[in-house]
Amino acid sequence: MTVRFAEELLPMPQALTSAPQKLGTKLVAIVIGFTLIALFAIGLTLLVSWQLEGGAAAVNQAGSERMRAYRIAMLLSQAELPGADRQVVHALLEDEVAAFEQSIRILDTGDPGRPMFLPGDARIRADFSDLRQTWYRDMKPAIGMLVTSLEPSARAQLLIEYRRMTDNFVQATDRLVNAIERDISSKTSLLRTLQLGLIWMAIIGTVALIYLMYLLVVRPVNRLEEGIQAMERGDFDTRLPVETRDEFGALAAGFNRMAARLQDLYRNLEAKVAEKTHSLARQNRELGTLYEVAALLNHPGSLEELCRDFLRKLVRTLGADGGAVRLSDAQTGHMHLYVQEGLSSGFVREEACLHAGECICGEAARQRTSVVKVFAANTPPESNPRCRRDGFATVSVFSIQFKNQVLGVFNLFFRNPHEIDVSERQMLEALGGHLGVAIENQRLVAREKEMAVSEERNLLAQELHDSIAQSLAFLNLQAQMLDGALARNDLPAAREGLGQIREGIQESYDDVRELLVHFRTRFGESDVETAVRRLLERFESDTGIETAFRQSGTGVPLSPEIQIQVLHIVQECLSNTRKHASARAVTVELTRGPVCEVRVTDDGIGFDPKTHRQGHVGLAIMRERAQRIGGKVTVDSRPRGGTQVTLIVPMVQEAEAAA
């Protein structure tokens, strides 16, 4: 849409809408053009230099021909001297003639490897042709005749004639050399002209390249920089001319589109800022609502208070005219109206219980979805649900879930049509999940309390059975014996029975006091060591039995649950010592480390574990308490050897958790 807007604002010329030309392609074409021109000029200079070198070598070669011509003449003269060895001279003469002819052939065909060749000028070629004809037509036959002739007078005449031919050959050679030198001079002038042309071409090419770089790169960059500076000053009307179809042309067009977009954005900036501010305020309000409701659900209180405070907060925050929280019955699937705000008594009476799938709320709960229903104004009231007949134009239903289990729904009612957008719907669905967690936590806490009360009642019943119930049974038996003694008028037996009854009553009283202390035990801020010391001090004060406490090792602190069970087990051990051991001293040892070990030892009469009554309630209670904290109780005793009860509680997991 932005591109379309910019194109409508700044229509591009028809020439610029065709295929674009790349800036890189232009630069490469310019460089290639200048390179080809430079290579052509350099190639010309190399060609002229090569020709100059070949001409110079030809001059040297022609000069060597003059020397050989004179040498041949000298050898012919030496052959006529008296006493000369004609065979040796003739052999040298043959070698010289062969070299002479080889040089003429090289001048004729040239030698590219040296390089050496005659210039292609027609006059030079004509001079060389005369030179070659002079040799083959005149000089070479004369040499043959001088070598083969037997008459001295004839050889002398021929030698004079050959010398004349040699002078003519040298003159022809001079003419050839002069012609080659003139050609070399003209090519040297051409080479200098080409070098000067290269210099001027380098200067002109450099200036042309600088100018082209300015046109193609520097000027578009300067215009773009000027446009950016104008934009920084707030001049959003700035536009760049789009003159080319290369990258800078595309960049200029893009700059113009950006300027148009910025201009449009700047004009609508206040409206957009207001819109964003409103959006941020709404998001902050939703986050604040989530935080407040989450904090509200963490406050202690009953389930009714929790649901009512939750509903009031939502009704007040969203401006609803009414609301309700319905909780499901897991067995029947019915939803019961638990708390409500702003609903009439008739509505509450009729909507007190809904079946699964009934009306909008039941259907939303069954499908586990949120529903926002806006009723049409022209719909007859009798065909609408109860909320519509009660005057509400909009009803919203959001499920209360915990781990994909629907615990109920909550409703928000509006008397005017009210749309709930996506963000508010997501917020309300999240709050439904929070409420589900809070409700489930309430139920779990209630079950935990119920379980704890049940367990403590069971332990209390066991301890009552092991102590007071047995004492009362003993007192009942003693009362029957006392009644029989009185009926027989046996006063000594009656007095003895009365004393035993008095002792049983005292023992029952002590048991009751011990049980009261046992079930009122709390730790508060103290640790297990301090609580055991206080327990031993009270035990020694009540019974007169000497006590001692020893502690060793270190370890992580015990949790409150473990501490209370450890203390109850120690109390049970002391109670058994008081009742059965007839001990004079009791020692409690506490060892801390990877395991927590508590050892209670007395010096009483002891007992035989094999003959001891199995299932004794006191020992069973201690073992049951130890199992609740993952520990183990062992009893070591022998007749007249005292008794030792050891409790071992593993603490490795506790230590890992603390670390």
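The values are calculated or read from the model by the stated rules, or taken from the named source; none is laboratory data. Worth saying up front: this structure is predicted, and the values here are computed from it rather than measured. All Cβ positions, glycine included, derive from the backbone under ideal geometry; neighbour counts span all protein chains shown. Heads up: the accessible areas ignore ligands, DNA and RNA and are worked out on the full protein's heavy atoms, side chains in. Shrake-Rupley method; radii C 1.70, N 1.55, O 1.52, S 1.80 Å.
Can we say residue 532 is modelled with pLDDT under 65, touching a Leu at 6+ places or on another chain (Cβ under 9 Å) and open to solvent by less than 70 Å² (accessible area, probe 1.4 Å)?
no
For the stretch 423-438, give me each residue that is among the acidic types (Asp, Glu) and crowded, with 16+ Cβ neighbours inside 10 Å.
Residue satisfying the conditions is 424 alone.
Do we have residue 644 as out of contact with any helix residue (DSSP H, G or I) (no Cβ under 6 Å at 6 or more places or on another chain), of a type outside the set (Gly, Ala, Ser) and either in a helix (DSSP H, G or I) or at pLDDT below 85 (or both) here?
No: the conditions fail for residue 644.
For the stretch 607-630, state whether one or more residues are open to solvent by 30 Å² or more (accessible area, probe 1.4 Å), at pLDDT 85 or above and closer than 18 Å to residue 560 by Cα.
Scanning the stretch 607-630, I find at least one residue that is open to solvent by 30 Å² or more (accessible area, probe 1.4 Å), at pLDDT 85 or above and closer than 18 Å to residue 560 by Cα, so the answer is yes.
Considering each residue of the stretch 300-329, count those that are in contact with a Gly (Cβ under 6 Å, 6 or more places away or on another chain), more than 19 Å from residue 402 (Cβ to Cβ) and open to solvent by less than 20 Å² (accessible area, probe 1.4 Å), and give that number.
So the answer is 1.
It is to be established whether one or more residues within the stretch 259-274 are polar (S, T, N, Q), over 30 Å from residue 37 (Cα atoms) and not in a helix (DSSP H, G or I). Quick ask: steps written out before the conclusion?
Filtering the stretch 259-274 for residues polar (S, T, N, Q) gives 263, 268.
The next check asks that each one be over 30 Å from residue 37 (Cα atoms); those that pass are 263, 268.
Cutting the leftovers down to not in a helix (DSSP H, G or I) gives us 268.
Checked the stretch 259-274: at least one residue is polar (S, T, N, Q), over 30 Å from residue 37 (Cα atoms) and not in a helix (DSSP H, G or I).
Any residue in the stretch 415-432 that's over 12 Å from residue 398 (Cα atoms) and among the hydroxyl-bearing types (Ser, Thr, Tyr): show its pairings with residues that are open to solvent by less than 50 Å² (accessible area, probe 1.4 Å) and assigned to a helix (DSSP H, G or I) at Cβ separation under 8 Å, as long as the two are six or more apart or on different chains.
423/286
Looking at this structure, is residue 549 crowded, with 17+ Cβ neighbours inside 10 Å and at pLDDT 80 or above?
No; evaluated as a whole, the condition is false for this residue.
Which of the residues spanning the stretch 338-374 are open to solvent by 30 Å² or more (accessible area, probe 1.4 Å), in a strand (DSSP E or B) and either of a type in the set (A, V, I, L, M, F, W, C) or touching a Lys or Arg at 6+ places or on another chain (Cβ under 7 Å) (or both)?
338, 341, 353, 371, 372, 374
Taking the residues in the stretch 35-75 that are open to solvent by 60 Å² or more (accessible area, probe 1.4 Å) and of a type in the set (S, T, N, Q) as candidates, determine which candidate is nearest to residue 130 (Cα to Cα).
Taking the candidates together, the pick is 60.
When you go through (1) open to solvent by 50 Å² or more (accessible area, probe 1.4 Å); (2) part of a strand (DSSP E or B); (3) not hydrophobic (A, V, I, L, M, F, W, C) one by one for residue 332, which number turns out not to apply?
(2)
Can you pull out every residue in the stretch 209-250 that is without any contact (Cβ under 8 Å) to a residue 60 or more places away in the chain, part of a helix (DSSP H, G or I) and either of a type in the set (Gly, Ala, Ser) or surrounded by 15 or more Cβ atoms within 10 Å (Cβ to Cβ) (or both)? Write out each step before concluding.
At the first step, the residues of the stretch 209-250 found to be without any contact (Cβ under 8 Å) to a residue 60 or more places away in the chain are 210-211, 213-215, 218-238, 240-241, 243.
Adding the requirement that they be part of a helix (DSSP H, G or I) leaves 210-211, 213-215, 218-232.
220, 223, 224, 227, 230, 231 - these are the residues of the stretch 209-250 that are without any contact (Cβ under 8 Å) to a residue 60 or more places away in the chain, part of a helix (DSSP H, G or I) and either of a type in the set (Gly, Ala, Ser) or surrounded by 15 or more Cβ atoms within 10 Å (Cβ to Cβ) (or both).
May I ask you to say which residue of 452, 377 is open to solvent by 70 Å² or more (accessible area, probe 1.4 Å), modelled with pLDDT under 70, over 19 Å from residue 292 (Cα atoms) and of a type in the set (A, V, I, L, M, F, W, C)?
On inspection, the qualifying residue turns out to be 377.
Output the number of the condition that residue 203 fails; it satisfies all remaining conditions of (1) crowded, with 17+ Cβ neighbours inside 10 Å; (2) aliphatic (A, V, I, L, M); (3) at pLDDT 85 or above.
Here residue 203 meets the rest and fails (1).
Answer yes or no: is there a residue in the stretch 404-420 that is in a loop (DSSP other than H, G, I, E, B) and modelled with pLDDT under 80.
Looking for residues that are in a loop (DSSP other than H, G, I, E, B) and modelled with pLDDT under 80, one finds at least one in the stretch 404-420, hence yes.
Please go through (1) under 18 Å from residue 61 (Cβ atoms); (2) out of contact with any Ser or Thr (no Cβ under 7 Å at 6 or more places or on another chain) for residue 169 and return the number of the only condition it doesn't satisfy.
With respect to (1) under 18 Å from residue 61 (Cβ atoms); (2) out of contact with any Ser or Thr (no Cβ under 7 Å at 6 or more places or on another chain), residue 169 is out only on (2).
Does any residue of the stretch 286-293 turn out to be open to solvent by 60 Å² or more (accessible area, probe 1.4 Å), among the hydrophobic types (A, V, I, L, M, F, W, C) and on the phi < 0 side of the Ramachandran plot?
The answer is yes; a qualifying residue exists.
I need every pair where a residue in the stretch 156-167 that is within 15 Å of residue 75 (Cα to Cα) and among the aliphatic types (A, V, I, L, M) has its Cβ under 6 Å from the Cβ of a residue that is open to solvent by 80 Å² or more (accessible area, probe 1.4 Å) and part of a helix (DSSP H, G or I), sequence separation at least 6 or different chains.
158/145
Restricting to the stretch 178-195, give me the number of residues that are closer than 20 Å to residue 40 by Cβ and free of Cβ contacts under 8 Å to residues at least 24 places away in the same chain.
Residues flagged as closer than 20 Å to residue 40 by Cβ and free of Cβ contacts under 8 Å to residues at least 24 places away in the same chain within the stretch 178-195 amount to 3.
More than 23 Å from residue 24 (Cβ to Cβ) and open to solvent by less than 30 Å² (accessible area, probe 1.4 Å): does that describe residue 273?
Numbers: more than 23 Å from residue 24 (Cβ to Cβ): yes; open to solvent by less than 30 Å² (accessible area, probe 1.4 Å): no.
No, not satisfied.
Identify, by number, the condition in (1) open to solvent by 70 Å² or more (accessible area, probe 1.4 Å); (2) closer than 13 Å to residue 42 by Cα; (3) aliphatic (A, V, I, L, M) that residue 198 doesn't meet.
Only one criterion in (1) open to solvent by 70 Å² or more (accessible area, probe 1.4 Å); (2) closer than 13 Å to residue 42 by Cα; (3) aliphatic (A, V, I, L, M) is unmet by residue 198, namely (1).
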